[in-house]
Amino acid sequence: MVLGVRNPDIKVPIVFGFSGDPVEAKLVTSFSRPGGNLTGIAMQSLDLVGKRLELLKEIMPSLTRVAILANPSHPGEQLELRASRLAAEKLNIAVSYFAVSSARDFASAWPALLQARAEAIVAFPDALIMSQAAAISAFAKQNGIPAVSGWSEFAEEGNLLTYGPNLRATWEQAAGFVDRILRGARPTELPVEQPSSFELVVNRRTATELGLILPPAISMRTDRMIR
């Protein structure tokens, strides 16, 4: 949106919803002081990676080996990987890491993942992972390996569960930035926010296909159950 001033030195304000770390991506200088013409919502939350592992452990108490699928070029991926390793260590889960930078990389990741004897998959949410959600689901079901991630569409495509931002609520939260800018605020004055609403989405049909029994505590906490 343009603020209606014809001075060519004034940049167009941009409100983003970004899946990674906007500081690492150089979209902003910092969360508290964006420092330019961009601000918005950063959807990456390092606390959530541990929650997803905890959910897996609740459903699969004997879980000892997890494969992480992630895009190494996604800003903030290394921070998320470090947080995952720390959370997995507390749960006595070994982590194997598989980098996928394009759709072609998944073909070579599958046999390596099987060789690592992974018992579950944690996929870091970004556009690449979501574009391959159906392929991940097909592989997971064929090999009896449940997969989890952070955006609801991943579960909708047939994977076991997602825990992360409620995307509809997040876009509504982003609309608040637009409103404030239209009222005269500058992006540099509006700190980057993180989502305020989260959801647990579970695909019960997939759980049944994988032979998993959902504990009552999981079912009670689920915001949306896909049947």
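The values are calculated or read from the model by the stated rules, or taken from the named source; none is laboratory data. What you see is a predicted model, and the numbers here were worked out from it, not measured in a lab. Counting neighbours? That spans all protein chains shown, and the Cβs are built from the backbone with ideal geometry, glycine included.
Assorted remarks:
- Residue under evaluation Ser62, criteria (1) modelled with pLDDT of 95 or more; (2) assigned to a helix (DSSP H, G or I), criterion not met: (2)
- Exactly one residue out of Ala112, Ala94, Ala99, Ala135 is under 25 Å from Val201 (Cβ atoms) and small (Gly, Ala, Ser): that is Ala135.
- Residue within region 152-165 that is assigned to a helix (DSSP H, G or I), surrounded by fewer than 17 Cβ atoms within 10 Å (Cβ to Cβ), touching a residue at least 40 places away in the same chain (Cβ under 8 Å) and not assigned by TED's automatic domain parsing to the domain that holds Arg33 present: yes
- Checking each residue in region 75-123 for being basic (Lys, Arg) and outside any loop (DSSP other than H, G, I, E, B) picks out Arg82, Arg85, Lys90.
- All conditions in (1) over 17 Å from the mean Cα position of the chain (by Cα); (2) outside any helix (DSSP H, G or I); (3) more than 20 Å from Leu27 (Cβ to Cβ) hold for Ile218, with the sole exception of (2).
- Out of Ser219, Ser149, sole residue that is of a type in the set (Ser, Thr, Tyr) and within 30 Å of Pro111 (Cβ to Cβ): Ser149
- Qualifying residue in region 82-92 (condition: under 15 Å from the mean Cα position of the chain (by Cα) and among the hydrophobic types (A, V, I, L, M, F, W, C)): yes
- Residues satisfying the stated conditions in region 100-135, i.e. of a type in the set (Phe, Trp, Tyr) and under 20 Å from the mean Cα position of the chain (by Cα): Phe106, Phe124
- Any hit, region 116-126, residues being free of Cβ contacts under 8 Å to residues at least 24 places away in the same chain, surrounded by fewer than 20 Cβ atoms within 10 Å (Cβ to Cβ) and either not assigned by TED's automatic domain parsing to the domain that holds Glu54 or not aromatic (Phe, Trp, Tyr) (or both): no
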